[in-house]
1. Restricting attention to the range B:79-119, and to residues there that are in a helix (DSSP H, G or I) and among the basic types (Lys, Arg), which single residue is nearest to A:Asn98 (Cα to Cα)?
2. Determine which single condition A:Lys115 fails, assuming it passes every other condition in (1) loosely packed, with under 11 Cβ neighbours inside 10 Å; (2) touching a Ser or Thr at 6+ places or on another chain (Cβ under 7 Å).
3. Looking at the range A:79-87, is at least one residue at the interface with chain B (Cβ under 9 Å from one of its Cβ atoms) and not small (Gly, Ala, Ser)?
4. Filtering the range A:50-78 down to residues that are more than 7 Å from DNA strand C (Cβ to nearest atom) and in a helix (DSSP H, G or I), which residue is surrounded by the most Cβ atoms within 10 Å (Cβ to Cβ)?
5. Which residues, counting only those in the range B:1-27, are farther than 22 Å from A:Ser12 by Cβ and buried (at least 17 other Cβ atoms within 10 Å of the Cβ)?
6. Within the set of pairs 6+ apart or on separate chains, which have a first residue in the range B:57-81 that is among the hydroxyl-bearing types (Ser, Thr, Tyr), a second that is within 12 Å of DNA strand D (Cβ to nearest atom), and C-beta atoms under 8 Å apart?
7. Tell me which of these B:Glu45 doesn't satisfy, since it passes every other one: (1) facing chain A (nearest Cβ under 7 Å); (2) assigned to a helix (DSSP H, G or I).
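Derivation of every value follows stated rules applied to the coordinates shown; laboratory data play no part. Remember, it's a predicted structure, so these values are computed and weren't measured experimentally. Heads up, the Cβs are rebuilt from the backbone with ideal geometry, glycines too, and the neighbour counts pull from every protein chain shown.
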2 protein chains.
Amino acid sequence: MKRDKYTENIQSQMRKGSLEFVILLIISRKAIYAADMLKELKKYELIVVEGTLYPLLNRLKSSGAVEYQWKESKSGPPRKYYKLTSKGKKLLDALLLNWNNLNQSINALIQSYEKNNSR
Amino acid sequence: MKRDKYTENIQSQMRKGSLEFVILLIISRKAIYAADMLKELKKYELIVVEGTLYPLLNRLKSSGAVEYQWKESKSGPPRKYYKLTSKGKKLLDALLLNWNNLNQSINALIQSYEKNNSR
DNA sequence: CAGAGTACTTTGCAAAGCAAGGTTAAATAT
DNA sequence: ATATTTAACCTTGCTTTGCAAAGTACTCTG
């Protein structure tokens, strides 16, 4: 396996790991449907494809973290507008805490790395 | 699936995603062998088990990011002391950049979440 | 040499990302 | 009105990978 491929692979894993978290954050702001989530993610350079997003949304749905309403569209089939449930809000809060902890651990490690490399 | 299980699952995914990165950071500080890596990870509350770590180290090895030297031990079988190769250093630098980007994106999202929830 | 402790390896299962292809509905073109 | 295009959403199959559990191998102690 080439190094570049491998680098990309690890990077995509880092993205993956925080995907549920990011999706919940996006949904928390306002009700939104899948295709618009994809655009939003692209803005943040968190590239995701349909085949990843739809199953993920279904998992969130069946876990009770999100719910959706069908809404008509003027230009195509109806859309599922997702929003957080109260369960979803609790989940998001737990993930925020978790994110902060992970961040602290990694930043501590990064600092000792930078020290060893004379800034 | 219960919410708690699901929460844990997502959290463990977030850990997973940054695992290679964290391992590289730890190895970058000084040559170290697997069992001590596990202790180190525990200090940072990034729990990992053997069945995860050893295959991961082998993947890093065969991608050329790390190399190891056998060293005798006074209390058991010999140990593989891992250290970064120059390839590994480049990989780590790329991951550092990637980490910073991901961090920025997520922090931007978190900020707009906190705004909507009136701090 | 038997048992305990330490270190590394392997196997098998399950979760999940992703490419590719499919279905359905509305709008537009012919 | 039929065909094509576009927008949404869904599904299948492959592959990767984390992890529990069991296995191998080496050293030291009694």
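1. Selected residue: B:Lys115.
2. (2)
3. yes
4. Checking each candidate, the answer is A:Leu60.
5. B:Tyr6, B:Thr7
6. Matching pairs, first to second residue: B:Ser62/A:Met1; B:Ser63/A:Met1; B:Ser63/A:Tyr6; B:Ser73/B:Arg79; B:Tyr81/B:Trp70; B:Tyr81/B:Lys71.
7. Going through the list (1) facing chain A (nearest Cβ under 7 Å); (2) assigned to a helix (DSSP H, G or I), B:Glu45 breaks only (2).
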